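*Asks:* One structure follows; several queries about it will come next.
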Amino acid sequence: MTHPSNQYTTVADLAPQEAALTAIRRHLHQHPELSFEEEKTAAFIADKLEAWGYEVTRNVGGHGVVGVLRQGEGGRAVAIRADIDALPIPESTGLPHASTVPGVMHACGHDGHTTVLLGAAEHLARTRRFNGTVTLVFQPAEEAGLVSGAQRMIADGLFERFPCDAIFGLHNHPGVPVGTILTRPGPMMAAGDTVHIRVKGKGGHAARPHQSVDPIVTAAAIVMALQTVVARSIDPLEPAVVTVGTIHGGTATNVIPDTAELGLSVRSFTPQTRQRLEERVRAIATNVAAAQGASVEISWEHGYPVVMNSDAETAFAEEVARELVGADHVGTCPMLTGSEDFAYYLQHKPGSFLRLGNGDSAMLHNPGYDFADASLTTGAALWARLAERFLARV
Ligand code: NI
């Protein structure tokens, strides 16, 4: 039996849930928890999933929650992920549902991401118009930076314990109208690396520079030479950034110090460019220092990799989005220089990360930001329909 497309979930199907979803979203917003502290948020999610009939596994990679729903004999499985953590930012919205936790707020809309996935969860459990396995991944610590929630859930056996054929996720997008969905095949969000370069010279009296190796002059020469990395070593059609954000050294005008330190932010959109940037930064720092009789210690912190959406799954998600909101409300996302740990899932599984319009809101990570409740039914319907279409009865 084929499944008529008009029986897949529509945004209108979620309308009766809008008030309930808004209440959930505002509850989460009022009770934000920082990365690695999402205990109550995780319990709230897990309790709801259990009440709706999901097989629930708690404490996956920390406070991660996985909900599994099976229907029929279909062998396919689709995973959908929402991030659940908040940020160390004091809220300034003055809204009735503002954060009740001083200094902590959902300034990136993860309360909304969690709510749309819960909305889809409830709807899918009630309607069960699919054939296969739906795996819902509620991930903590997206904002953690190094060793984030996605890495921890994967290391805790996420894909072995809950096998899936593809994984999808979304982020809200301020400045794009509510009800609009953006997609992008290939690289969507940047890899972000943090680099510390310690320049080691030989300290001495400022009046006798010939008896020293001046790390300040060496650091300055390294900063200038680094400007050639993007300009001369990267394809002009490839976006890349090398920014020296900090430079520290010295304590007095009449002293040549032993050391000086540089701090860099390095961003790229392909693994090849990322590797090339690292090779060139290391070579320039090492060799410019050597030319001056100094040396360097380089510590390279590899942050989140590139969010690399697979072509087939992105085309599929775009098709679902067009069916749901109409082609006029589906757009192409520009490349974004921000980073996102959904990238780690995409190193293991095909999948796609989408953007959901958040209307004319404050920017992400701004103290005046709030998730647009008007987009909750669109987000929930998107996930429900995407799961139904991925696991279509044939
Ligand atoms: Ni975020």
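*Asks:* Being farther than 25 Å from residue 159 by Cβ and among the β-branched types (Val, Ile, Thr) is the filter here; which residues of the stretch 316-357 pass it?
*Replies:* 325, 330, 332, 337
*Asks:* Hey, among the residues in the stretch 346-387 that are within 15 Å of the ligand (Cβ to nearest atom) and of a type in the set (Phe, Trp, Tyr), which one's nearest to residue 332 (Cα to Cα)?
*Replies:* Taking the candidates together, the pick is 353.
*Asks:* Considering 100, 93, 183, which residue is away from the ligand (no atom under 16 Å from the Cβ), in contact with a Ser or Thr (Cβ under 8 Å, 6 or more places away or on another chain), of a type in the set (S, T, N, Q) and modelled with pLDDT of 95 or more?
*Replies:* That would be 183, the only listed residue that is away from the ligand (no atom under 16 Å from the Cβ), in contact with a Ser or Thr (Cβ under 8 Å, 6 or more places away or on another chain), of a type in the set (S, T, N, Q) and modelled with pLDDT of 95 or more.
*Asks:* Could you look through the stretch 311-346, keep only residues that are among the β-branched types (Val, Ile, Thr) and more than 20 Å from the chain's Cα centre (by Cα), and pick out the one that is nearest to residue 78 (Cα to Cα)?
*Replies:* Filtering the stretch 311-346 for residues that are among the β-branched types (Val, Ile, Thr) and more than 20 Å from the chain's Cα centre (by Cα), the one nearest to residue 78 (Cα to Cα) comes out as 320.
*Asks:* Residues that are in the same structural domain as residue 84 (by TED's automatic domain parsing) and among the aromatic types (Phe, Trp, Tyr): find the helices (runs of 4 or more DSSP H) completely inside the stretch 1-68 holding 1 or more of those.
*Replies:* 39-51
*Asks:* Still on this structure, I have one more. What are the residues in the stretch 353-393 that are assigned to a helix (DSSP H, G or I), more than 20 Å from the chain's Cα centre (by Cα), small (Gly, Ala, Ser) and closer than 25 Å to residue 74 by Cα, if any?
*Replies:* Passing the criteria: 381, 384, 387.
*Asks:* I've got another one for you. Please verify whether residue 78 is part of a strand (DSSP E or B), in contact with a helix residue (DSSP H, G or I) (Cβ under 7 Å, 6 or more places away or on another chain) and in contact (Cβ under 8 Å) with a residue 40 or more places away in the chain, treating the condition exactly as stated. Don't jump to the end; show me each part of the working.
*Replies:* Details: part of a strand (DSSP E or B): yes; in contact with a helix residue (DSSP H, G or I) (Cβ under 7 Å, 6 or more places away or on another chain): yes; in contact (Cβ under 8 Å) with a residue 40 or more places away in the chain: yes.
It is true that residue 78 is part of a strand (DSSP E or B), in contact with a helix residue (DSSP H, G or I) (Cβ under 7 Å, 6 or more places away or on another chain) and in contact (Cβ under 8 Å) with a residue 40 or more places away in the chain.
*Asks:* Among the residues of the stretch 28-64, write down those that are out of contact with any strand residue (DSSP E or B) (no Cβ under 7 Å at 6 or more places or on another chain) and of a type in the set (Phe, Trp, Tyr).
*Replies:* Listed by number, the residues that qualify are 36, 44, 52.
*Asks:* Every residue in the stretch 50-74 that is in contact with a Leu (Cβ under 9 Å, 6 or more places away or on another chain), of a type in the set (Gly, Ala, Ser) and surrounded by fewer than 19 Cβ atoms within 10 Å (Cβ to Cβ), please.
*Replies:* 53, 72, 74 - these are the residues of the stretch 50-74 that are in contact with a Leu (Cβ under 9 Å, 6 or more places away or on another chain), of a type in the set (Gly, Ala, Ser) and surrounded by fewer than 19 Cβ atoms within 10 Å (Cβ to Cβ).
*Asks:* Would you mind finding the one in 280, 276, 355 that is of a type outside the set (Phe, Trp, Tyr), under 20 Å from residue 188 (Cα atoms) and in the same structural domain as residue 195 (by TED's automatic domain parsing)?
*Replies:* On the way: 280 fails: under 20 Å from residue 188 (Cα atoms); 355 fails: in the same structural domain as residue 195 (by TED's automatic domain parsing).
The unique qualifying residue is 276.
*Asks:* Here is a further query. Across the stretch 308-347, which residue is nearest to residue 274 (Cα to Cα) among those that are β-branched (Val, Ile, Thr) and out of contact with any helix residue (DSSP H, G or I) (no Cβ under 7 Å at 6 or more places or on another chain)?
*Replies:* Going through the qualifying residues, I end up with 337.
*Asks:* Could we say that residue 312 is crowded, with 22+ Cβ neighbours inside 10 Å and at pLDDT 95 or above here?
*Replies:* Values: crowded, with 22+ Cβ neighbours inside 10 Å: no; at pLDDT 95 or above: yes.
It is false that residue 312 is crowded, with 22+ Cβ neighbours inside 10 Å and at pLDDT 95 or above.
*Asks:* A further question on this structure: Only one residue in 119, 132, 112 is within 16 Å of the ligand (Cβ to nearest atom) and crowded, with 16+ Cβ neighbours inside 10 Å. Which one?
*Replies:* Just one listed residue meets the conditions, 112.
The values are calculated or read from the model by the stated rules, or taken from the named source; none is laboratory data. Here the structure is a predicted model, which means the values were calculated and not measured. So basically every Cβ, Gly included, is an ideal-geometry build from the backbone, and we count neighbours across all protein chains shown.
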